[in-house]
1. Among the residues of the range 166-204 satisfying the criterion of being hydrophobic (A, V, I, L, M, F, W, C) and surrounded by fewer than 22 Cβ atoms within 10 Å (Cβ to Cβ), which is nearest to the chain's Cα centre (by Cα)?
2. From the set of residues in the range 205-228 that are more than 21 Å from MET188 (Cβ to Cβ) and not hydrophobic (A, V, I, L, M, F, W, C), which is surrounded by the fewest Cβ atoms within 10 Å (Cβ to Cβ)?
3. Before we move on, is ASP117 farther than 24 Å from PRO208 by Cβ, at pLDDT below 95 and out of contact with any strand residue (DSSP E or B) (no Cβ under 8 Å at 6 or more places or on another chain)?
4. Sort out which residues of the range 98-141 are small (Gly, Ala, Ser), out of contact with any Phe, Trp or Tyr (no Cβ under 6 Å at 6 or more places or on another chain) and in a helix (DSSP H, G or I), and write them in order of number.
5. Provide a single number: the residues in the range 57-86 that are in a helix (DSSP H, G or I), in contact with a helix residue (DSSP H, G or I) (Cβ under 7 Å, 6 or more places away or on another chain) and more than 13 Å from VAL112 (Cα to Cα).
6. Report, ordered by the first and then the second residue, all pairs with beta carbons closer than 6 Å, sequence separation of six or more or different chains, a first member in the range 142-157 that is in a helix (DSSP H, G or I), and a second member that is among the aromatic types (Phe, Trp, Tyr).
7. Could you list, in sequence order, all residues of the range 220-246 that are charged (D, E, K, R) and closer than 21 Å to ALA181 by Cβ?
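The values are calculated or read from the model by the stated rules, or taken from the named source; none is laboratory data. Every value quoted in this text rests on a predicted model; they were computed, and no experiment measured them. No Cβ is skipped: glycine too gets one built from the backbone with ideal geometry, and neighbour counts run over all protein chains shown.
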Amino acid sequence: MRGSFISFSAMLITLGFVGSSVLASIPQKFNKSPIEKILAEKNDGKFKELRRLGPHVYGDLRKLAFDSERALGIRWQAFMALVRLGEKESLPEINAALQSQEWFLKDAALRVLPVLDPGLAYRAAMAKLDDSALVVRTAAVDVLAEVKNSKCSEKLWGQLYSKENYIKHQSLWIRRHIVEALAEVAPMGSEEKFMKVLDDADSSLFAPAIKGLERLTGKKLGDSNLPPVYRRYFWKKWYAEKIKKS
């Protein structure tokens, strides 16, 4: 249990730092409060400082996280801090974030759920695969890869070819995430679907498709130093011979 708490803490700290740097594009219009100054610290000790502010700090973090007037970076940090402090008691706030119209709150909520509640993480991710925001759909795919429930496979295969995941017939980055997830969760009998991926116009999908085939078949075909664009021909030959024999 102690190990899982440490990994959970490390995950939230990492998400907090990354999210803050990515979302800090909107200028801050307010003087920084004591909580905001603490949140800006880049070390684990800031959570002890937050606790020392007293029992009201959780409510203050919630107000900050859901305050649409504040900069996205500080809101992300506040959300990650309230999840760190509340753990499973923060599920109402996580659910509120999932229902938000703001993409970054949905993204943040999805990414913290696997450690807190894998079952809820799976259900939330399945629901958000159809979200209008590409970032949220990608987060949903990553969560499904993390919770490793093979029941999501058919939905993921459908999303791989969904028109929402192309722009002007060009493959969007989420498709690579989808194949990476399928490489982890697709059940036995999915070989033909991975073979189809090896003919996709997006060559970035070849490596995770081969990884999926290796997991399903227990085989390693072609020199691992070869680029996937060449290694796929070994798999195409193997599959053609397999079909002949069947």
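1. Across the range 166-204, the extreme among qualifying residues is TRP173.
2. Across the range 205-228, the extreme among qualifying residues is ASN225.
3. On the way: farther than 24 Å from PRO208 by Cβ: yes; at pLDDT below 95: no; out of contact with any strand residue (DSSP E or B) (no Cβ under 8 Å at 6 or more places or on another chain): yes.
No; evaluated as a whole, the condition is false for this residue.
4. Going residue by residue through the range 98-141, those that are small (Gly, Ala, Ser) are 100, 108-109, 119, 121, 124-125, 127, 132-133, 139-140.
Remaining after also requiring out of contact with any Phe, Trp or Tyr (no Cβ under 6 Å at 6 or more places or on another chain): 100, 109, 119, 121, 124-125, 127, 132, 139-140.
Scanning the range 98-141 gives ALA109, GLY119, ALA121, ALA124, ALA125, ALA127, ALA139, ALA140.
5. Step one: filter the range 57-86 for residues in a helix (DSSP H, G or I), giving 57-65, 72-86.
Right, trim to in contact with a helix residue (DSSP H, G or I) (Cβ under 7 Å, 6 or more places away or on another chain) and you get 57-58, 60-62, 64-65, 72-86.
Going one step further and asking which of them are more than 13 Å from VAL112 (Cα to Cα), we end up with 57-58, 60-62, 64-65, 72-75, 78.
Adding up the residues that qualify gives 12.
6. From residues that are in a helix (DSSP H, G or I), the pairs are VAL147/TYR122.
7. At the first step, the residues of the range 220-246 found to be charged (D, E, K, R) are 220, 223, 231-232, 236-237, 241-242, 244-245.
Matches in the range 220-246: ARG231, ARG232.
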